[in-house]
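Participant: Structure provided below as structure tokens; questions to follow.
The values are calculated or read from the model by the stated rules, or taken from the named source; none is laboratory data. Nothing here was measured: the structure is a model prediction, and the numbers come from that model. Cβ sites come from the backbone with ideal geometry, for glycine too, and all protein chains shown count toward neighbours. Just the protein is used for accessible areas: all its heavy atoms, side chains included, with ligands, DNA and RNA removed. Shrake-Rupley method; radii C 1.70, N 1.55, O 1.52, S 1.80 Å.
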Amino acid sequence: AGCGAMSFRLRVTWDEGRFVTLRVDRAWPIRQVKKAIEKMTGLPAHEQRLFHGARRELFDDDTVADLPPGYAADLLLARYESESMEWMTRVEQSWEELAAAPAAVREDLEVVHRAIANDGRALQYAAPSLQADHEL
């Protein structure tokens, strides 16, 4: 964990009220935050979805510095469904898999994000609402 001006407190809540509080460095990637959560809770990092606010999902390559300025933030943790996990693996191996995915999968922000990270051309297979998302 960081210290001084770079220290940041994250309160992570899941399962209707369970929570952990972590002290992290603002430079940490979200991937590292997930690993810290795994050490504290036993929830595997690859199954974690972290959200700030109602809809803002934090991806592994985002950093704590991407959160609003200040000294603390509250995050919501959700777990991936097994179908999402399967499709994330498939699109990481071949972005073209997204073309054959069911509509619900093509609407899954994390699956689409991983496909686009593999190759930007995957965006053409994303749901229209995600094609219009400028954060992708």
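Participant: For residues that are in a loop (DSSP other than H, G, I, E, B) and either of a type in the set (Lys, Arg) or over 16 Å from the mean Cα position of the chain (by Cα) (or both), scanning just the stretch 106-129, find the one that is surrounded by the fewest Cβ atoms within 10 Å (Cβ to Cβ). Reasoning before the result, please.
Facilitator: At the first step, the residues of the stretch 106-129 found to be in a loop (DSSP other than H, G, I, E, B) are 107-108, 119, 126-127.
Add one more test, that the residue is either of a type in the set (Lys, Arg) or over 16 Å from the mean Cα position of the chain (by Cα) (or both), and what stays is 119, 126-127.
Details: Asp119: 13, Ala126: 24, Ala127: 17.
By that ranking, first place goes to Asp119.
Participant: Looking at the stretch 68-76, is at least one residue assigned to a helix (DSSP H, G or I) and open to solvent by less than 50 Å² (accessible area, probe 1.4 Å)?
Facilitator: Kept after step one, since they are assigned to a helix (DSSP H, G or I), are these residues of the stretch 68-76: none.
Taking every residue of the stretch 68-76 in turn, none turns out to be assigned to a helix (DSSP H, G or I) and open to solvent by less than 50 Å² (accessible area, probe 1.4 Å).
Participant: From the list Ala132, Ala101, which one is buried (at least 16 other Cβ atoms within 10 Å of the Cβ) and either at negative phi or modelled with pLDDT of 90 or more (or both)? Show your work before the answer.
Facilitator: Details: Ala132 fails: buried (at least 16 other Cβ atoms within 10 Å of the Cβ).
Selected residue: Ala101, the only one of Ala132, Ala101 that is buried (at least 16 other Cβ atoms within 10 Å of the Cβ) and either at negative phi or modelled with pLDDT of 90 or more (or both).
Participant: Here's something else I'd like to know. May I ask you to list the residues in the stretch 1-42 that are surrounded by 17 or more Cβ atoms within 10 Å (Cβ to Cβ) and part of a loop (DSSP other than H, G, I, E, B)?
Facilitator: Scanning the stretch 1-42 gives a single hit, Trp28.
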